[in-house]
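Report on the structure given below.
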Amino acid sequence: MNLPDTEPVNDESAIWSLQLELLTWAEALLGQRDPSKLLCKPDYHPDGPQLRFNCDQNKVWAELSPKCKHSWTSTVYDLAHETIHLLDPIVGTANYLEEGVAVAFTWYVRGIYGFSCTPPTSEKYERAFASVKCLPEAALLSARRIRSKFGCLSAVTSKDLLQLYPDFDHGVANLLASKFKR
């Protein structure tokens, strides 16, 4: 895949096209997004990356970190991660499951774009990713099955995970269902 020669901050249409492309890939892998929220164009915010809702909570968009203004690689990574949250946007905190799946999707997108550098992460995100990789199937396949059966990844309980995967480690199921604090 080729990225534009422009700087992201100066190319809103390319960022919007990237968002729609990533969403298409995420939906192909994990199922359709919740259509009750209108998806708006990504923006930048000093506290990004994160999701932002309008005051009526019927519109949602990804807010990218300031480093994305001048780097397509950073933009792809941040937007890929936030795209998973856009599938079932919630006000509040996601769980380890959804955060781990978001990291897995970022790695997937990295492969499509052929990036040689690894996605930026932290110890907590690595833990979420490692826990998702413990699921009995590949991370994104497991996420599709979980969403198909239970809906929003961040609403999944450890009981739900154990219902779907009876032999799954109870401690990892509890971690995946717990709230992720950034």
Lys, Arg +1 and Asp, Glu -1 on Cβ, resulting dipole of the chain about Cα centre, debye, nearest 20 = 440 debye
If each of Asn174 and Glu21 carries a label point 7 Å out from its Cα toward its Cβ, how far apart are those two points in nm?
-> 4.4 nm
Furthest towards positive pole of dipole, Asn10, Ala94, Thr106, structure part the chain, Cβ charges = Ala94
Residues meeting the amide H criterion for Leu51 (H placed from the backbone, H to H distance under 5 Å, 5 or more places apart or on another chain) are Glu63
Which of the peptides 15-25, 111-121 is most tightly packed, and how do the rest follow, going by the mean number of other Cβ atoms within 10 Å of each residue?
-> 15-25, 111-121
Excluding ligands, DNA and RNA, the carbon-plus-sulfur percentage of the accessible area of the stretch 1-40 with a 1.4 Å probe reads 50 percent
Residues of the chain: accessible area per residue at 1.4 Å, in Å²?
-> 48 Å²
Compute, for His81, the solvent-accessible surface of its heavy atoms (probe 1.4 Å) with the complete set of protein chains present, and express it in square angstrom to the nearest 10.
-> 30 Å²
Percent of beta bridges antiparallel (DSSP, the stretch 1-157, rounded to nearest 5) = 50 percent
Taking placed amide H atoms and a strict 5 Å upper bound, the residues 5 or more places from Tyr44 or on another chain that come that close are Leu64
Karplus-derived HN-Hα couplings along the stretch 78-88 (A = 6.51, B = -1.76, C = 1.60, θ = phi - 60°), whole Hz, x at Gly and Pro = 4, 5, 4, 4, 5, 4, 4, 5, 6, 5, 9
Return the sequence-ordered ³J(HN,Hα) values of the stretch 105-121 in whole Hz as given by the Karplus equation 6.51 cos²θ - 1.76 cosθ + 1.60 applied to θ = phi - 60°, using x for Gly and Pro.
-> 5, 4, 5, 4, 5, 4, x, 5, 7, x, 5, 8, 7, 8, x, x, 7
Two pseudo-spin positions, 7 Å from Cα along C-beta at Ala155 and at Ser13, lie apart in nanometres by 3.8 nm
If the limit is 25 Å between Cα atoms, which of Lys67/Lys181; Lys149/Lys179; Lys59/Lys181; Lys37/Lys133; Lys37/Lys159; Lys69/Lys133 go over it?
-> Lys37/Lys133; Lys37/Lys159; Lys69/Lys133
Phi angles of the stretch 89-97, converted by Karplus (6.51 cos²θ - 1.76 cosθ + 1.60, θ = phi - 60°) into ³J(HN,Hα) in whole Hz with x for Gly and Pro, give x, 10, 8, x, 9, 6, 9, 4, 4
Leading residue at positive end of dipole, the chain (Cβ point charges), from Leu161, Val132, Pro66 = Leu161
Starting from the Cα-Cα distance between Ser122 and Asp34, subtract it from 0.36 nm times their residue separation and give me the gain in nm to one decimal.
-> 28.9 nm
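The values are calculated or read from the model by the stated rules, or taken from the named source; none is laboratory data. Since the model is a prediction, treat every value here as computed from it, not as a measurement. Using ideal geometry, Cβ is built from the backbone for each residue, glycine included, and neighbour counts are taken over all protein chains shown. Side chains included, ligands, DNA and RNA excluded: accessible areas come from the protein's heavy atoms. Shrake-Rupley method; radii C 1.70, N 1.55, O 1.52, S 1.80 Å.
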